[in-house]
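*Asks:* Got a structure for you, written out below as structure tokens; questions coming shortly.
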Amino acid sequence: MSLNSTNPYKMNLKYVSYMSNQAQILKEDDIEKLLFQIREKNKRLAITGLLLLIQGKFIQYIEGPEDEIEKVYKKIKTDPRHNQLILLDSGEVNTRQFKDWSMAYKKIEDEVVEKITGYKNLELDDLFQNPYKEGKHPVLKVLYNFTKALAS
Ligand SMILES: Cc1cc2nc3c(=O)[nH]c(=O)nc-3n(C[C@H](O)[C@H](O)[C@H](O)COP(=O)(O)O)c2cc1C
């Protein structure tokens, strides 16, 4: 058996990026609690990633063993803390972007969004209604910009 099949930080990795609408606007305190819960579980399952709060929406990137990512993404989709959710991107990765982060978190201000994308308002609500080409929406530019900046 190769080392790759036994080490969850090295085996076949999958990633999922999605955006969700908060069912109720979470206070900083609630987000801290959520992060505590997420990080505990992700450590157990060898899941790593990044959670951003952009213009009131959660944008999350999770990476880890394929089975675990699928199970956790299923849980996330039915979490009552958000009421709308759309898949933005998914696929396989060879190496982790966030090997040292069970879940990094950052709230992104509008000026930063504008700097990265050129748009002041990403009109994220429209995304829930209007389909677009997977992997192409400007909000992903923000996500992957921070992925690069924070990657470990
Ligand atoms: C915005 C958001 C992001 C989340 N991210 C994760 C995550 O990365 N990993 C995870 O295990 N649960 C995450 N959760 C929590 C799951 O939806 C769910 O509550 C949790 O996995 C339940 O675990 P349990 O059934 O094993 O107790 C997230 C929830 C929200 C609202």
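*Asks:* About the Cα centre, and with charges only on the beta carbon of Lys, Arg (+1) and Asp, Glu (-1), how big is the dipole of the chain? Nearest 20 debye, please.
*Replies:* With only Lys, Arg, Asp and Glu charged at Cβ, the dipole is about 380 debye.
*Asks:* Give, in whole angstrom and from largest to smallest, the semi-axes √(5λ) of the equivalent ellipsoid of the chain, with λ running over the eigenvalues of the Cα gyration tensor. Mind showing how you got there, number by number?
*Replies:* Working: eigenvalues 128, 59, 45 Å².
Each semi-axis is the square root of five times an eigenvalue, giving 25, 17, 15 Å.
*Asks:* Pairing the Cα long axis of helix 138-150 with the longest principal axis of the chain, what angle in degrees results, from 0 to 90 and rounded to the nearest 10?
*Replies:* 50 degrees
*Asks:* Here is a follow-up. Can you give the accessible area per residue of the range 3-150, in Å², using a 1.4 Å probe?
*Replies:* Dividing the accessible area of the range 3-150 by its residue count gives 58 Å².
*Asks:* With springs connecting C-alpha atoms under 10 Å apart, model the chain as a Gaussian network and identify which of 60, 129, 84 has the largest mean-square fluctuation.
*Replies:* Sorting by GNM fluctuation, first place goes to 129.
*Asks:* Take the chain, connect every pair of alpha-carbon atoms lying under 10 Å apart with a spring to form a Gaussian network, then pick out the residue of 49, 118, 64 with the largest mean-square fluctuation.
*Replies:* Greatest mean-square fluctuation among the candidates belongs to 118.
*Asks:* Restricting to Cα pairs below 8 Å that are 6+ residues apart, what does the relative contact order work out to for the chain? Please round to a whole percent.
*Replies:* It rounds to 31 percent for the chain.
*Asks:* For residue 104, which sequence-distant residues (separation of 5 or more, or a different chain) have an amide H within less than 5 Å of its own amide H, given hydrogens modelled in the peptide plane?
*Replies:* Placed amide hydrogens put 49, 50, 51 under 5 Å from residue 104.
*Asks:* Hey, in the GNM for the chain with a 10 angstrom Cα cutoff, which one of 18, 132, 73 fluctuates hardest?
*Replies:* 132
*Asks:* Could you give the angle, 0 to 90 degrees to the nearest 10, between helix 66-77's Cα long axis and the longest principal axis of the Cα atoms of the chain?
*Replies:* 30 degrees
*Asks:* Just the number, please: carbon plus sulfur as a percent of the accessible area of the range 3-150, 1.4 Å probe, no ligands or DNA/RNA counted.
*Replies:* 49 percent
*Asks:* Would you mind checking 43/99; 75/141; 41/75; 27/99; 120/148 for any pair whose Cα atoms are more than 19 angstrom apart?
*Replies:* As for pairs spanning more than 19 Å Cα to Cα, those are 75/141; 27/99; 120/148.
The values are calculated or read from the model by the stated rules, or taken from the named source; none is laboratory data. Every value quoted in this text rests on a predicted model; they were computed, and no experiment measured them. Every residue, glycine among them, receives a Cβ derived from its backbone with ideal geometry; neighbour counts consider all protein chains shown. To get the accessible areas, we keep the full protein, side chains included, count just its heavy atoms, and leave off ligands, DNA and RNA. Shrake-Rupley method; radii C 1.70, N 1.55, O 1.52, S 1.80 Å.
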